[in-house]
Amino acid sequence: MHRTLASLALSLTASLAHADTYYVYLLAGQSNMDGYGYNNQLPVELRGEVEGVRIFLGEHHEDLKPAEAVGLWTSLRPGFGTQARTDGKEVTHSDRFGPELTFARHIRELRPSEKIAIIKYARGGTSIDARAQNWGVWDPHDARGEGKGQGINQYDHALAAIDAAMRVRDIDGDGKDDTLIPAGIVWMQGESDGTQEDAAKEYGEHLAELAELFRAALRKDDLPFVFGRISDSAADTPNVARVWPFGDAVRAGQHDVAEHDTDAAIVTSTDGYAYSDPYHYDTEGFIDLGNRFAEAMNELRNQNAE
C-alpha cells in the first residue's frame, strides 16, 4: 500500500517536473495584424514550424453576434495570415502570414529559455471608435444592436478568445498540464480610425483605455503593451489623397500613449515599409514588423524585471 502511494507520488512529481511553462502574448488589431505577407516570398529559414511556440487562432466574428470563441492551440508556422480559418477542431492555413511569425521567432532568440504561446485575434477594417466602423469596432462601450448580440463587438470576441485559450490545460498535447504566464500585448490597428476626424482626434484616449482593459483581462496591470504606428501608402506621393485622411491625428494619439504609459512602446519602422496594395505592407515589411515588435517587447520586459 505504502509502496503504491510512493510510486504514485513519484509519478506525479515526474509529471509536474516535465510540464511546460509558456509565456503568453496577445496579438490583436486589424488587417496589418491579420497579415498580408506572402508565404512563398519568405526566405527558406522562415518557412517551417517554429520550435517551442504554440498559437491559438481565434476565429473572428461579426459585431452584434454572441461572443462564442472558436479556436484551438496548434504549432506556429506560416499561414496564420489573412484568410486563415478555424472551426475549433483544425486550422485551415492560408498563403499569407502576419507579424506573429517573426515576432515569435525573434522573441525566442532574445529569450531562449522561454517557450512562447500566442493568442491571435485580428479582423481587417476594424476601428476602436464606432463612428469610423466598417467591418467591426473594438469600443468597450458599444451599445448597438439588440438581444444576445447587443453591444457585442470585436473587443468582446477577443476577450472570449483569450478566455477560451487560457482555459486549455494542455496546449501542446503532450498529456501534461502547462503553465501559462501572460507576458505581453502586441497591437497593430488605427488605420480605420484615421478615416473619421472625431474618431482620429480621440484615438489616444481610446487606445489607452483598451490597453488597460486587455491588461485586466490577462490579470496583470503592468503587462507590456507594444503597438505599431500607422502609416500611409500615399504619404510621400505628390498630389495623391491620403488613404487615411486623418491618420496624423491617430499617430499623435499613439505617441501620446507611448509617452504617458511607462509599460508601453511604439514601433515606428512602419514609415519605411513598402506596400503590396494601398492598405497593407509587403512581405519584407511584415518580416521586419514582427522583429521590431519582439525587440520592443523584450526591452519592456527587461525594464519590468529591473
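If I filter the stretch 273-306 down to residues being closer than 20 Å to H106 by Cα, surrounded by fewer than 16 Cβ atoms within 10 Å (Cβ to Cβ) and of a type outside the set (D, E), which single residue comes out as modelled with the highest pLDDT?
N302
Could you check the stretch 148-170 and list, in sequence order, the residues that are of a type in the set (K, R) and under 20 Å from T21 (Cβ atoms)? Step through it out loud before you land on a result.
Restricting attention to the stretch 148-170, the residues satisfying the condition of being of a type in the set (K, R) are 148, 167, 169.
Across the stretch 148-170, the qualifying residues are R167, R169.
Yes or no, residue by residue, for (1) in contact with a helix residue (DSSP H, G or I) (Cβ under 6 Å, 6 or more places away or on another chain); (2) among the acidic types (D, E):
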site: I185; (1), (2): yes, no
site: R215; (1), (2): no, no
site: S233; (1), (2): no, no
site: P238; (1), (2): no, no
site: A241; (1), (2): no, no
site: V250; (1), (2): yes, no
site: D261; (1), (2): no, yes
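Could you list, in sequence order, all residues of the stretch 1-58 that are at pLDDT 95 or above and either of a type in the set (S, T, N, Q) or assigned to a helix (DSSP H, G or I) (or both)?
Selection gives T21, Q30, S31, N32, M33, D34, N39, N40, Q41, V44, E45, L46.
Of the residues that sit in the stretch 120-175 and are touching a Phe, Trp or Tyr at 6+ places or on another chain (Cβ under 9 Å) and of a type in the set (K, R), which one is nearest to E202 (Cα to Cα)?
Among those that are touching a Phe, Trp or Tyr at 6+ places or on another chain (Cβ under 9 Å) and of a type in the set (K, R), it is R123.
The values are calculated or read from the model by the stated rules, or taken from the named source; none is laboratory data. The structure presented is a predicted model; accordingly, all values stated were derived computationally and were not measured. Using ideal geometry, Cβ is built from the backbone for each residue, glycine included, and neighbour counts are taken over all protein chains shown.
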